[in-house]
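The values are calculated or read from the model by the stated rules, or taken from the named source; none is laboratory data. This structure is a prediction, so every number in the text was calculated from the model and none was measured. All Cβ positions, even for glycine, are placed from backbone atoms using ideal geometry, and neighbour counts span all protein chains on display. The accessibility values were calculated without ligands, DNA or RNA, using every heavy atom of the protein model including side chains. Shrake-Rupley method; radii C 1.70, N 1.55, O 1.52, S 1.80 Å.
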Amino acid sequence: MILRRAAMLIRQEFRRLFTFGVIGLSSIGLLLGGYKLLSLIVWRGGPPTIQYTIVAVLVAWFNYEANRYFTFSQLNRTSASVGRFVTIGVIAT
């Protein structure tokens, strides 16, 4: 009984970690691709700092929503989760 419960928890955490990693890698791709698209096609000659900031904010929003929906879907969703996400993002940066 205990071993079954432990195996189930390990599978859940592995799935969560894998999903978190896939979303993180896709966010890097979106960040790099979005910046290239914006700087070379959409807004040529614009200030790079502003271009990167625009893309970074959009990718952060994608990252939050994707992790909330796919990675942490079984956890309690509250409005405080946005504050925690922003706090961790600021600390990590």
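A few comments on the model shown:
- Close contacts from the range 27-44, counting a first residue that is closer than 16 Å to residue 61 by Cβ and a second that is small (Gly, Ala, Ser), with Cβ to Cβ under 9 Å and a gap of 6+ residues or different chains, come to 27/60; 27/66; 31/56; 34/56; 35/56; 38/46.
So that you can scan it fast, the table gives a plain yes or no per residue for (1) closer than 16 Å to residue 71 by Cβ; (2) open to solvent by 90 Å² or more (accessible area, probe 1.4 Å); (3) out of contact with any Lys or Arg (no Cβ under 9 Å at 6 or more places or on another chain):
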{"site": "5", "(1), (2), (3)": "no, yes, yes"}
{"site": "15", "(1), (2), (3)": "yes, yes, yes"}
{"site": "18", "(1), (2), (3)": "yes, yes, yes"}
{"site": "24", "(1), (2), (3)": "yes, no, yes"}
{"site": "31", "(1), (2), (3)": "no, no, yes"}
{"site": "40", "(1), (2), (3)": "no, yes, yes"}
